[in-house]
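The values are calculated or read from the model by the stated rules, or taken from the named source; none is laboratory data. Values in this document were obtained by computation on a predicted structure and should not be read as measured data. Counting neighbours? That spans all protein chains shown, and the Cβs are built from the backbone with ideal geometry, glycine included. Side chains are part of the model used for accessible areas, which takes the heavy atoms of the whole protein and leaves out ligands, DNA and RNA. Shrake-Rupley method; radii C 1.70, N 1.55, O 1.52, S 1.80 Å.
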Amino acid sequence: MTTRNAILPRLGRLSCLWAGAYLLLSPQAALAQGRLDAQYEASLAGIPVGKGAWTIEIGDDAFSASAHGGTAGLLKAFAGGTGTGASQGRVVNGALVASSYTATTATSKKSETIRLALVNGTVKEFSIEPEPPVDPDRIVVTDANRKNVYDPMTGSMLRVPGAAEVLSPEACRTGAGIFDGRLRYDLKLDFKRMENVKADRGYHGPAVVCAVFFTPVAGYIPDRPVIKYLAGQRNIEIAFVPVAGTRILVPFRMTIPTPFGPAVLEATSFVTSATPPRVAKTQ
């Protein structure tokens with residue numbers, strides 16, 4: 001298999017994995033309630049290849065996030081497909097703790113649904129339908145690999161603990177493990193720069209740009225060119241902006257270098273609003 005043939009079919013899938021970096025769990029004051037409604041466009045070397053939407057709702061004791069998208073433009077003519085993803089769980093001491101994750105992808109040739117059930121960062125149950133064939137070359141995912149991890153949807157939101165400025169270099173100095181039902185990998189972030197971003201509708205203002213480094217752990221086939229290529233990349237980056245009223249940052253733009261030009265996922269509409277947290281009545 002050539003590098004070209006190995007990488008292109010997976011760009012969309014890996015974009016979903018890296019729709020952000022991650023959420024770190026640590027105690028802090030409760031979040032305000034916030035909501036995000038965003039629209040994104042994906043391009044490869046400047047050519048539109050996909051569109052999608054992302055909705056996030058954060059309450060004082062629960063959260064939910066859902067996304068859907070599909071191929072567009074020239075790519076749709078050659079490899080049309082759609083995908084959806086959703087995660088939900090609790091808000092515990094200001095941290096988002098996922099309890100379930102579902103992702104479905106569909107093309108003209110096949111469809112696949114992945115489901116995860118999580119308890120406090122440990123994957124208790126997971127399934128892939130239809131069940132994929134066993135590949136003896138694939139590194140086995142152990143029980144230990146499924147502990148202290150995040151699902152890709154919750155993992156795409158970066159939490160900034162404490163009470164200091166949300167958009168700062170410190171927001172990028174973190175890392176976490178992700179399990180997507182098949183692949184277990186580590187992501188490490190580091191600060192790259194501050195910049196201003198502007199959506200066609202909604203948010204315009206500062207963003208913190210983080211460098212992202214990918215390390216496969218289990219569930220992958222070592223000699224696959226796409227794994228080797230991504231693990232060797234040092235120019236992957238994500239620009240994060242906040243969900244209003246919270247200490248949660250989400251991706252505004254993501255850039256992944258490819259042999260054919262940059263693959264970019266960027267918000268065209270980014271509308272976010274905040275509601276003060278509920279105050280318990282006293283007698």
* Structure fact -> Quotient of Cα radius of gyration and Kirkwood radius for the stretch 175-283, i.e. Rg/Rh, equals 1.09
* Asked: Under a 5 Å amide H to amide H cut-off, with H placed in plane at 1.01 Å, what residues pair with GLY81 once short-range neighbours are removed?
  -> THR71
* For THR215 and ASP37 in one chain, what is 0.36 nm times their gap in residues minus the Cα-Cα distance, to one decimal in nm? -> 61.0 nm
* Structure fact -> Amide H proximity to VAL166 below 5 Å, modelled H, separation 5+ or other chain, gives none
* Structure fact -> For the pair ALA274 and ALA164, the simple spin-label estimate (label points 7 Å beyond Cα toward Cβ) gives in nm 1.9 nm
* If you stretched the chain out fully between ARG201 and VAL134, how much longer would it get, using 0.36 nm times the residue separation minus the C-alpha to C-alpha distance? -> 19.5 nm
* At 0.36 nm per residue, minus the direct Cα-Cα distance, what do ARG193 and SER108 gain on full extension? Give it in nm, one decimal, please. => 26.5 nm
* Accessible area per residue in Å² at 1.4 Å probe, computed on the stretch 96-199 -> 53 Å²
* **For the stretch 118-124, 3J(HN,Hα) per residue [Karplus equation, 6.51 cos²θ - 1.76 cosθ + 1.60, θ = phi - 60°, Hz, x = Gly/Pro]** => 10, 9, 6, x, 10, 7, 8
* Convex hull of the stretch 62-181 built on C-alpha atoms - directionally averaged projected area, nm² -> 10.1 nm²
* Structure fact -> The distance between the Cα centres of the stretch 87-102 and the stretch 38-66, in whole Å, is 18 Å
* Structure fact -> Going residue by residue through the stretch 44-50, the Karplus relation 6.51 cos²θ - 1.76 cosθ + 1.60 with θ = phi - 60° gives ³J(HN,Hα) values, rounded to whole Hz and with x marking Gly or Pro, of 10, 6, x, 9, x, 10, x
* For the stretch 120-227, treating each Cα as an identical point scatterer without solvent, what Debye log10 I(q)/I(0) comes out at q = 0.23 1/Å? -> -1.27
* Of MET194, MET153, which has the most accessible area with a 1.4 Å probe, and how do the rest follow in descending order? -> MET194, MET153
* Peptides 157-163, 37-43: what's the order by average Cβ count within 10 Å, highest mean first? -> 37-43, 157-163
* Structure fact -> XL table LYS110/LYS228; LYS147/LYS188; LYS51/LYS188; LYS147/LYS228; Cα-Cα > 22 Å flagged, in table order, is LYS110/LYS228; LYS51/LYS188; LYS147/LYS228
* What shape does the stretch 218-264 take by its C-alpha gyration tensor, where a ≥ b ≥ c are the square roots of the eigenvalues and a/c under 1.5 counts as rounded, a/b above b/c as prolate, and the rest as oblate? -> oblate
* To do: Return the sequence-ordered ³J(HN,Hα) values of the stretch 51-58 in whole Hz as given by the Karplus equation 6.51 cos²θ - 1.76 cosθ + 1.60 applied to θ = phi - 60°, using x for Gly and Pro.
  => 9, x, 9, 9, 10, 10, 10, 10
* Asked: Non-local amide H neighbours of GLY219 (under 5 Å, H modeled in plane, Pro and chain starts lacking H): which ones?
  -> ILE139, VAL140, VAL141, ARG184
